[in-house]
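The values are calculated or read from the model by the stated rules, or taken from the named source; none is laboratory data. Since this is a predicted model, take the numbers as computed values, not measurements. Every residue, glycine as well, gets a Cβ built from its backbone with ideal geometry; the counts of neighbours run over all protein chains shown.
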Amino acid sequence: MTGTALLIAPIILLAAGLGLWIYAERGRLLRPSTWKVLRAGGLRGLFNLKSLHGYIYSRWTNQYLNILFNKIVPRLGERGKKWWRDRYHSKILTQELAEAVILLDHDIARRDLEQIIPYPMARDLVLKGPPDVAVYECGCRHSRANPCQPTQVCMVIGQPFVDFILEHNPKGSRRLTQTEALDLLRAEHKRGHLHSAWFRDVCLNRFYVLCNCCKCCCGGIEAMLKYDGGMMASSGHVSQVNEELCTSCGLCVEACPFGALSMDGTLRVSWEKCMGCGVCMGQCPTDAIVLVRDERKGIPLDVRLLA
């Protein structure tokens, strides 16, 4: 590629992106929620195209993730997977910790989670308690041929993200009350789905969404198991089995998203594979499994302890 082409290519990309942006805003200069996102990202985010990237991601999440998981990720090498993991990753939450996010009663202006989220980018937590919450369509589930139901399970947390999602995806999103958000979390837990807090550099380098992930559709789980993506951090807990209560029914083995359980006469937990999500505990009919704190698995993301 010539020097001239190298100079022209970014200009063409920028012009195309801006044209798409203007088209999506449907004749308005910019929608109110778009201005909020731009102001939150600052001039640097605008000039390095991060704001545009974040706009495309949030505006067309289903299409974005469909291309990412089905076209791009399978072709990534080690360097590509590391680059992706550093900018798009999550912290697994127990049911109790996920509910604590919704029940937050104090502001967290900015908190660097370096010890909790072991990634070099996108690890800030910025919340106002109680936080605004909206639910919208899960891009991971929509990227699959036969997705798990329901599909409206991704919970956007805090501003300016909530207003942006509601204004730009009015048919596929809705605002949740605190009670509705807790009901959604509990229903997904009962279905055997795990909770995870996602941090993305396309979304102002910080916590953006509380996902309810199924092992059938979740791109993060797929990256962990199929591509060795390593993009999900343990909750800081591990499963522990009470052999006296366990009936060896095998429901937990089938439900575990990470293949951490096996049945060999008695139920066995692989410490290395267990991510402390609590799915097995929620599926056990005899309450034979509990989650226990394990410092070797990292520090839990407990917003109740953040100031």
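Listed here are the residues, each with its yes/no results for (1) part of a helix (DSSP H, G or I); (2) in the same structural domain as ARG87 (by TED's automatic domain parsing); (3) surrounded by fewer than 22 Cβ atoms within 10 Å (Cβ to Cβ).
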{"site": "GLU243", "(1), (2), (3)": "no, no, yes"}
{"site": "SER248", "(1), (2), (3)": "no, no, yes"}
{"site": "CYS252", "(1), (2), (3)": "yes, no, no"}
{"site": "LEU267", "(1), (2), (3)": "no, no, no"}
{"site": "VAL292", "(1), (2), (3)": "no, no, yes"}
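Would it be correct to say that ARG26 is outside any helix (DSSP H, G or I), modelled with pLDDT under 85 and either in the same structural domain as ILE157 (by TED's automatic domain parsing) or under 19 Å from LEU225 (Cα atoms) (or both)? So ARG26 passes the test.
Yes or no: VAL279 hydrophobic (A, V, I, L, M, F, W, C) and over 25 Å from GLU137 (Cβ atoms)? It is false that VAL279 is hydrophobic (A, V, I, L, M, F, W, C) and over 25 Å from GLU137 (Cβ atoms).
Identify, by number, the condition in (1) out of contact with any Phe, Trp or Tyr (no Cβ under 8 Å at 6 or more places or on another chain); (2) within 29 Å of ASP183 (Cβ to Cβ); (3) polar (S, T, N, Q) that SER51 doesn't meet. Every condition holds for SER51 apart from (2). When you scan segment 255-276, do you find a residue that is at negative phi and under 16 Å from the mean Cα position of the chain (by Cα), even just one? Yes, there is a match, as at least one residue in segment 255-276 is at negative phi and under 16 Å from the mean Cα position of the chain (by Cα).
Only one entry of ALA181, ALA187 meets the criterion of being touching a residue at least 60 places away in the same chain (Cβ under 8 Å) and small (Gly, Ala, Ser), and that entry is ALA181. Take the conditions more than 16 Å from ASN212 (Cα to Cα), at pLDDT 95 or above, not assigned by TED's automatic domain parsing to the domain that holds CYS213 and not β-branched (Val, Ile, Thr) and apply them to ALA260. Does it pass? When the stated conditions are applied, ALA260 passes them.
So that you can scan it fast, the table gives a plain yes or no per residue for (1) closer than 19 Å to GLY192 by Cα; (2) in contact (Cβ under 8 Å) with a residue 60 or more places away in the chain; (3) assigned by TED's automatic domain parsing to the domain that holds LEU30; (4) within 15 Å of the chain's Cα centre (by Cα):
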| residue | (1), (2), (3), (4) |
| --- | --- |
| PRO147 | yes, yes, yes, no |
| VAL156 | no, no, yes, yes |
| PRO160 | no, yes, yes, no |
| GLY172 | no, no, yes, no |
| THR177 | no, no, yes, no |
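For every residue, the table says whether it meets (1) β-branched (Val, Ile, Thr); (2) surrounded by fewer than 19 Cβ atoms within 10 Å (Cβ to Cβ); (3) closer than 21 Å to MET232 by Cα.
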| position | (1), (2), (3) |
| --- | --- |
| LEU125 | no, no, yes |
| VAL135 | yes, no, no |
| ARG141 | no, no, yes |
| GLY158 | no, no, no |
| GLY172 | no, yes, no |
| THR177 | yes, yes, no |
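Please list, ordered by first then second residue, the pairs with beta carbon atoms under 6 Å, 6 or more apart or interchain, first in segment 268-289 and charged (D, E, K, R), second in a loop (DSSP other than H, G, I, E, B) and surrounded by 21 or more Cβ atoms within 10 Å (Cβ to Cβ). Every condition considered, the pairs that remain are LYS273/PHE258; LYS273/ALA260. Please determine whether any residue of segment 84-104 is in a loop (DSSP other than H, G, I, E, B), touching a residue at least 12 places away in the same chain (Cβ under 8 Å) and surrounded by fewer than 19 Cβ atoms within 10 Å (Cβ to Cβ). Scanning segment 84-104 turns up at least one residue that is in a loop (DSSP other than H, G, I, E, B), touching a residue at least 12 places away in the same chain (Cβ under 8 Å) and surrounded by fewer than 19 Cβ atoms within 10 Å (Cβ to Cβ). The number of residues in segment 182-212 being farther than 13 Å from HIS89 by Cβ and either more than 14 Å from the chain's Cα centre (by Cα) or of a type in the set (A, V, I, L, M, F, W, C) (or both) comes to 14. All of LEU261, LEU267, LEU291, LEU225 fail the test of being aliphatic (A, V, I, L, M) and within 27 Å of ASP105 (Cα to Cα), apart from LEU291.
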